[in-house]
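Novice: Take a look at the following structure, please.
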Amino acid sequence: MHKNPWKIVGYKEIYDNNWIHLKEYKVINPTGGLGIYGKVFFKNRAVGIVALDAEKNVYLVGQYRFTIDQYSWEIPEGGSPEHEDLLISAKRELKEETGIQAHSWQRILDMHLSNSVTNEFGCVFLATELEFGEAEPEETEELILRKIPLDEAIEMINNGEITDSLTVAGLLKTKLLTLEK
């Protein structure tokens, strides 16, 4: 419906690993000027899970994030390979990170996580009717599980204690959904 105003003159491969691929494009921008544009391609999609119990508590995982060099409270989340169904990935991540399995699942949100520099796509599921077991985190994850009321999680967003984009969007969407009921 909308015409792409960007023209690609050329590109070069900058970096590639198992998770991301980086290209630098030579472009003509929308006003006709020459420039460059870097684009990070993600090899997995992001899935996040808001696990909500009958008392309106949510389950957050805390971990130190290397990329931002600080501790972060987040909903359980992880990568979903292109060939895998997003719901299957979400169920796996919830079980791995928290030990929780859910009997009811609803896809509540699709989003692009940082569309000025990356094509990364993410979605959030609402998981309810929860059953609790043992977590099975990956070797790169040192997680702390925290059960808190949804309203307290919203306050953590308002206070700047939760800044992860998938978490912020997922918790706010969940709050909207609980207000509608």
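Novice: Cα gyration tensor of the stretch 39-87, axes a ≥ b ≥ c as square roots of the eigenvalues: rounded (a/c below 1.5), prolate (a/b > b/c) or oblate?
Specialist: Oblate is the answer for the stretch 39-87, as a/c is 1.5 or above yet b/c matches or exceeds a/b.
Novice: List the lysines whose alpha-carbon lies under 26 Å from that of Lys3, not counting same-chain residues fewer than 8 positions away?
Specialist: Straight-line reach from Lys3, under 26 Å: Lys12, Lys23, Lys26, Lys39.
Novice: Looking at the stretch 28-100, which chymotrypsin sites (Phe, Trp or Tyr not before Pro) are in a loop (DSSP not H, G, I, E or B) and have at most 12 other Cβ atoms within 10 Å?
Specialist: Answer by residue number: Phe66.
Novice: Report the trypsin sites (Lys or Arg not before Pro) located in the stretch 29-134 that are in a DSSP loop and have at most 16 other Cβ atoms inside 10 Å of their Cβ, or state none.
Specialist: Of the trypsin sites (Lys or Arg not before Pro), the ones in loops of the stretch 29-134 whose Cβ has at most 16 other Cβ atoms within 10 Å are Lys43, Lys56.
Novice: Let me ask you something else. How high is the relative contact order of the stretch 1-55? Use alpha-carbon pairs under 8 Å, at least six apart in sequence, and give a whole percent.
Specialist: So the answer I get is 28 percent.
Novice: Considering only C-alpha atoms, what is the centroid distance from the stretch 10-71 to the stretch 117-133, in Å?
Specialist: 16
Novice: 5 Å is the cut-off here: which amide hydrogens, built 1.01 Å from N in the peptide plane, fall below it relative to Thr163, excluding neighbours closer than 5 in sequence?
Specialist: Those qualifying (amide H under 5 Å, at least 5 residues apart or on another chain) are Trp73.
Novice: What is the calculated FRET efficiency for Leu177 to Asn17, with r their C-beta to C-beta distance and R₀ = 45 Å, to the nearest 0.05?
Specialist: On the way: r = 37 Å, r/R0 = 0.82.
Computed FRET efficiency for Leu177 and Asn17 comes out at 0.75.
Novice: In a Gaussian network model over the chain where Cα atoms closer than 10 Å are linked, find which of Ile144, Ile157, Ile36 has the largest mean-square fluctuation.
Specialist: Ile36
Novice: Another question about this same structure. Using amide H atoms built 1.01 Å from N in the peptide plane, name the residues 5+ places from Lys7, or on other chains, whose amide H lies under 5 Å from its own.
Specialist: The list, which skips near neighbours in sequence, is Ile28.
Novice: Taking neighbour Cβ counts within 10 Å as the exposure measure, how do Thr31, Thr98 sort from fewest upward?
Specialist: Fewest-to-most ranking of Thr31, Thr98: Thr31, Thr98.
Novice: Let me ask something else. Mind listing which GluC sites (Glu not before Pro) in the stretch 1-110 are in a DSSP loop and have 12 or fewer other Cβ atoms within 10 Å? Can you show the working numbers first?
Specialist: Values: sites: Glu13, Glu24, Glu55, Glu74, Glu77, Glu82, Glu84, Glu93, Glu96, Glu97; in loops: Glu55, Glu82, Glu84.
Filter output for the stretch 1-110: Glu55, Glu82.
Novice: What's the exposure ranking of Val61, Val9, Val50, going from fewest to most Cβ atoms within 10 Å?
Specialist: Numbers: Val61 21, Val9 11, Val50 29.
Ordered by Cβ neighbours within 10 Å, fewest first: Val9, Val61, Val50.
Novice: Right, another one. Compute the distance in nm between two label points, each set 7 Å from the Cα along the Cα-to-Cβ direction, one at Tyr64 and one at Ser114.
Specialist: With each label placed 7 Å out from Cα toward Cβ, I get 2.1 nm.
Novice: Taking θ as phi - 60°, what are the ³J(HN,Hα) couplings along the stretch 6-15 by the Karplus curve (6.51, -1.76, 1.60), each to the nearest whole Hz, with x for Gly and Pro?
Specialist: 3J(HN,Hα) across the stretch 6-15, in whole Hz: 8, 10, 8, 8, x, 7, 9, 6, 9, 7.
Novice: For Arg92 and Glu131, calculate 0.36 nm times their separation in residues minus their Cα-Cα distance, and state this gained length in nm to one decimal.
Specialist: In short, 12.7 nm is gained.
Novice: Which one, Asp85, Asp69, Asp53, has the greatest fluctuation when you compute a Gaussian network model over the chain with C-alpha springs under 10 angstrom?
Specialist: Residue with maximal mean-square fluctuation among Asp85, Asp69, Asp53: Asp69.
Novice: Compute the acute angle (0 to 90°) between the alpha-carbon long axis of helix 165-180 and the principal axis of greatest extent of the alpha-carbon atoms of the chain; round to the nearest 10°.
Specialist: Once rounded, one gets 50 degrees.
Novice: Would you mind computing, in nm to one decimal, how far apart the modelled labels at Met1 and His103 are, each placed 7 Å from Cα along Cα→Cβ?
Specialist: 4.1
Novice: Counting other beta carbons within 10 Å of each Cβ, put Asp164, Asp16 in order, fewest first. Don't skip to the end; give the middle numbers.
Specialist: Values: Asp164 20, Asp16 12.
Lowest to highest Cβ neighbour count: Asp16, Asp164.
Novice: Against the longest principal axis of the chain, how steep is helix 86-98, in degrees 0 to 90 to the nearest 10, with axes from Cα atoms?
Specialist: 50
Novice: So what is the relative contact order of the chain, in percent, for Cα pairs below 8 Å that sit 6 or more residues apart?
Specialist: Once divided by the residue count of the chain, the mean separation gives 22 percent.
Novice: Quickly work out the Val40-to-Glu55 label distance, labels modelled 7 Å from Cα along the C-beta direction, and quote it in nm with one decimal.
Specialist: Each label point lies 7 Å from its Cα, and together they span 3.8 nm.
Novice: Something else: Near Lys56, which aspartates and glutamates are there with a Cα under 17 Å away, not counting those fewer than 8 places off in the same chain?
Specialist: Leaving aside aspartates and glutamates fewer than 8 places away in the same chain, those within reach of Lys56 are Glu74, Glu129, Glu131, Asp151, Glu152, Glu155, Glu180.
Readers should treat all values here as calculations from the given coordinates under stated rules, not as data from a laboratory. Computed from a predicted model, the values in this text were never measured in an experiment. Quick reminder, even Gly has a Cβ in these numbers, built from the backbone with ideal geometry, and neighbours come from all protein chains shown.
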